[in-house]
2 protein chains.
Amino acid sequence: MGRRIYNFNPGPAALPLPVLQKIQEEMLDFKGTGMSILEISHRSKAFEEVLDDAIARIKRLLKLDNRYHVLFVQGGASLQFIMVPMNLAVPGRKVAYVDTGTWSSNAIKEARILGREVAVIASSQDREYCYIPRGIYVPSDTAYLHVTSNNTIRGTQFHAFPQTGTVPLVSDMSSDIFSRVFDPEPFGLFYAGAQKNAGPAGVTIVVVREDMLERVPKDLSTMLKYTTYVEKKSMFNTPPCFAIYVVQLVARWLEETIGGIARMESINRRKADLLYDYLDGQDFYRGTADRDSRSLMNVTFLLPNAELEQRFLKELQTSDLGGLKGHRSVGGFRASLYNALPVEAVEVLVGFMREFVRRNG
Amino acid sequence: MGRRIYNFNPGPAALPLPVLQKIQEEMLDFKGTGMSILEISHRSKAFEEVLDDAIARIKRLLKLDNRYHVLFVQGGASLQFIMVPMNLAVPGRKVAYVDTGTWSSNAIKEARILGREVAVIASSQDREYCYIPRGIYVPSDTAYLHVTSNNTIRGTQFHAFPQTGTVPLVSDMSSDIFSRVFDPEPFGLFYAGAQKNAGPAGVTIVVVREDMLERVPKDLSTMLKYTTYVEKKSMFNTPPCFAIYVVQLVARWLEETIGGIARMESINRRKADLLYDYLDGQDFYRGTADRDSRSLMNVTFLLPNAELEQRFLKELQTSDLGGLKGHRSVGGFRASLYNALPVEAVEVLVGFMREFVRRNG
């Protein structure tokens with residue numbers, strides 16, 4: 001099958017090998033149709049089954065009751081930064097955001113471009129976004145509170161979501177959806193670009209609660225209204241069929257091979273513990289996130305100086321470990337431990353890091 | 001490789017078999033990266049090469065000079081119905097449209113939702129959109145003239161574009177891009193959802209001329225501005241990497257296997273002639289489009305009555321011919337003869353139609 005590396009990419013990221021093998025196997029003839037999944041009509045029975053199964057599995061995995069609609073939208077989380085305030089703002093009320101780094105900041109920026117009155121009610125900008133703000137209070141007349149559940153660039157994550165009372169919570173969960181159990185109840189809407197934990201780039205999973213749809217302005221452009229996707233089951237126009245098919249295969253793998261989100265979470269905790277325990281037990285590498293805010297998905301760390309970082313990077317390039325370079329905006333290193341990354345990969349990484357210290361520490 | 005049928009689907013549609021085989025071959029290890037194309041970073045050298053090669057090939061195939069930018073956008077043609085008037089309307093001037101059926105009508109609807117002043121300067125609605133209006137005159141103070149170059153549902157196509165003088169022409173070319181030679185000069189912008197002639201569902205090719213960018217309002221949402229895609233080479237956020245990769249493979253097939261658009265056009269004319277010549281030489285089946293407006297891409301026809309149509313449909317279902325049912329809004333039959341459909345498929349279809357007449361005519 002060719003060489004396969006340990007893929008620590010931050011997104012697009014590793015997919016489960018059985019999912020890739022299934023795609024490969026079905027590429028020329030999808031379920032006896034005599035056509036590729038890339039060539040079948042989105043109105044065909046074969047594709048409708050894919051779509052329905054993907055929705056059903058996502059609802060089971062996340063324990064969503066019938067108030068929640070699962071939608072597939074194009075444009076990535078960045079388009080949701082626009083659609084959320086377009087659809088869910090309420091005239092005369094502020095929209096509130098917590099700023100925990102690049103993606104939150106971008107979401108805030110887009111709400112402001114649309115002329116919404118934005119309250120940034122908490123921020124960790126004062127210490128380079130290395131922590132998640134605590135004790136967040138949101139006034140009850142706020143239209144919604146938006147948070148980024150996991151911050152891929154800074155390696156921080158909400159371990160408990162803010163208490164918002166009657167104010168609906170909205171979250172960008174692009175980098176931790178399906179990684180841990182959470183209660184959907186406080187959420188009016190959450191969304192995730194699929195390319196980290198749920199599938200390939202090219203589709204965004206949006207989960208919206210029925211009561212939020214009353215807020216959608218009637219005069220919005222068709223493709224920018226959540227109601228269009230609800231009414232047409234994400235098929236007002238041709239959806240990104242292949243990406244949805246891969247999401248379905250990933251959801252099936254989560255249910256049938258892993259055994260659900262709770263099991264996935266315990267594997268993810270094992271991976272994160274392996275790496276954080278190693279980081280905490282030495283003083284060569286330095287984790288950049290505060291301990292109480294550390295992400296289970298993205299572990300960010302630095303080396304003692306730039307020269308050693310260069311050497312580390314160079315040695316990585318000839319190893320079987322890929323995707324560990326930190327985001328271009330912050331430097332350093334980042335190990336993304338998404339669902340599809342096996343425990344073994346983290347063991348190999350820790351071994352590599354140990355060996356590097358032995359020779360350079 | 002499993003059974004493969006003759007795929008007359010209207011979109012998503014047939015892809016060249018060598019393209020599908022290449023995808024299959026590279027699925028687990030893309031060019032020695034040890035990762036799937038679905039798992040590599042959009043910022044990686046491997047993906048940048050895909051993107052650059054796709055753009056270069058599209059520019060060569062369409063003979064676009066350096067004033068034209070090739071962009072990859074998500075959301076399908078339906079999002080372009082919104083982005084075109086958002087970006088290219090000019091305050092105080094009307095935007096003009098030709099209405100040749102469902103997709104034109106949808107484009108007009110979205111321009112109106114945005115509050116633009118729309119002039120529908122020609123329409124073929126009077127005869128169920130079975131023809132392309134002629135003698136179109138557009139006032140010189142119009143912001144742009146929008147046409148749908150090929151109408152998949154009604155089987156009509158512009159064989160010559162309207163003369164617009166200094167008014168930039170804008171066209172939805174979703175169903176005939178890459179199918180025939182045309183002069184890009186009068187176009188300020190054209191776009192095509194890839195899933196008919198250029199790749200899979202999930203990416204839209206947008207070609208925009210440099211001077212159009214001056215019109216883009218500064219205060220537009222980032223993901224809805226053409227300037228964002230130009231400045232960031234379609235990578236402001238994660239693009240639909242896999243769909244772009246397939247577009248690259250299709251463009252390569254067009255250049256290297258077919259030998260360019262002129263060669264492709266002559267093959268497409270051969271296919272269309274085969275089917276239209278047969279239709280014109282008998283009186284059982286009846287083509288629905290006026291002769292001078294017939295599409296090279298989508299051939300629409302009816303049978304003498306509903307009972308025979310049912311029988312025809314039933315026999316198709318046990319044949320090796322797929323995707324021939326007409327659009328749900330108009331009924332009848334439609335043979336989509338996109339680039340990837342081989343001449344042989346049309347020969348088999350004509351044989352099937354002849355044989356059906358012999359038994360039922």
Toy charge model, Lys and Arg Cβ at +1, Asp and Glu Cβ at -1: the protein assembly as shown dipole around Cα centroid in debye, rounded to 20, equals 160 debye
per DSSP, antiparallel bridges as share of beta bridges in the protein assembly as shown, % nearest 5, sits at 55 percent
Per the 1/(1 + (r/R0)^6) rule, R0 = 30 Å and r from the Cβ atoms of A:Arg93 and A:Gln21, FRET efficiency to 0.05 is 0.05
Treating only Lys and Arg (+1) and Asp and Glu (-1) as charged, each at its beta carbon, one finds that region B:41-109 has a dipole about its Cα centre, in Debye to the nearest 20, of 200 debye
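Compare the peptides A:59-68, B:198-207 by average per-residue count of other Cβ atoms within 10 angstrom and give them in order, highest first.
Working: A:59-68: 15.0, B:198-207: 28.0.
So the peptides A:59-68, B:198-207, ranked by packing, come out B:198-207, A:59-68.
Between A:Glu347 and A:Arg311, what's the calculated FRET efficiency when r is the beta-carbon distance and R0 is 22 Å? Round to 0.05.
Details: r = 22 Å, r/R0 = 1.01.
The calculated FRET efficiency here is 0.50.
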Note to self: C-alpha centroids of region A:174-197 and region B:70-103 sit apart, in Å, by 33 Å
Measure of exposure for A:Ser105: accessible area at 1.4 Å probe, Å² rounded to 10, is 40 Å²
Checked against the positive end of the charge dipole of region B:18-258 (+1 on Cβ of Lys and Arg, -1 on Cβ of Asp and Glu, about the Cα centre), the farthest of B:Thr257, B:Ala160, B:Ile40 is B:Ala160
Toy charge model, Lys and Arg Cβ at +1, Asp and Glu Cβ at -1: region A:18-258 dipole around Cα centroid in debye, rounded to 20, equals 320 debye
In terms of the charge dipole of the protein assembly as shown, which places +1 on Lys and Arg and -1 on Asp and Glu at the beta carbon, the residue among A:Pro240, A:Leu337, A:Leu88 farthest towards the positive end is A:Leu88
Taking the alpha-carbon centre of each part, the distance from region A:143-162 to region A:259-309 in Å is 17 Å
Contour minus Cα-Cα span, B:Arg358 to B:Ser329, at 0.36 nm per residue, comes to 7.5 nm
Copies of B:Gln282 compared via label points 7 Å along Cα→Cβ give distances in nm, shortest first, of 7.7
Under the Karplus relation with 6.51, -1.76 and 1.60 and θ = phi - 60°, whole-Hz ³J(HN,Hα) for region A:252-268, x at Gly and Pro, equal 5, 4, 4, 6, 8, 8, 7, x, x, 6, 4, 5, 4, 4, 5, 5, 4
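Rounded to the nearest 0.05, what FRET efficiency do A:Ser266 and A:Arg67 have when you use their Cβ-Cβ distance and R0 = 35 Å?
On the way: r = 28 Å, r/R0 = 0.81.
So the FRET efficiency works out to roughly 0.80.
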Here the whole-number average of other chain Cβ atoms within 10 Å per Cβ of A:188-201 is 3
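Would you mind computing Rg(Cα) / (2.2 N^0.38 Å) for chain B, counting N as its residues? Intermediate values should be presented prior to the final figure.
Working: Rg = 20.9 Å, N = 361, 2.2 N^0.38 = 20.6 Å.
Its radius of gyration relative to the 2.2 N^0.38 Å reference: 1.01.
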With the dipole of the protein assembly as shown defined by +1 on each Lys or Arg Cβ and -1 on each Asp or Glu Cβ, the option from B:Gly193, A:Ser319, A:Ser221 whose Cα lies farthest towards the positive pole is A:Ser221
Rounded to a whole number, the mean other protein chain Cβ count within 10 angstrom for residues of A:222-228 is 4
So, relative contact order of region B:182-336 in percent, Cα under 8 Å, 6 or more apart, is 13 percent
Taking only protein heavy atoms and a 1.4 Å probe, the highest-to-lowest accessible-area order of B:Leu296, B:Leu114 is B:Leu114, B:Leu296
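When the Kirkwood radius is taken over all Cα pairs of the protein assembly as shown, what Stokes-Einstein diffusion coefficient follows at 4 °C and 1.567 mPa s, in µm²/s?
After rounding, the answer is 48 µm²/s.
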Sorted by accessible surface (1.4 Å probe, heavy atoms of the protein chains only), largest first, A:Thr152, B:Thr318 come out as B:Thr318, A:Thr152
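The values are calculated or read from the model by the stated rules, or taken from the named source; none is laboratory data. On a predicted model such as this, the values are computed, not experimentally measured, just so you know. As a convention, Cβ positions derive from the backbone with ideal geometry for all residues, glycine included, and neighbour counts pool all protein chains shown. The protein model used for the area step is the full one, side chains on, heavy atoms only, and it has no ligands, DNA or RNA in it. Shrake-Rupley method; radii C 1.70, N 1.55, O 1.52, S 1.80 Å.
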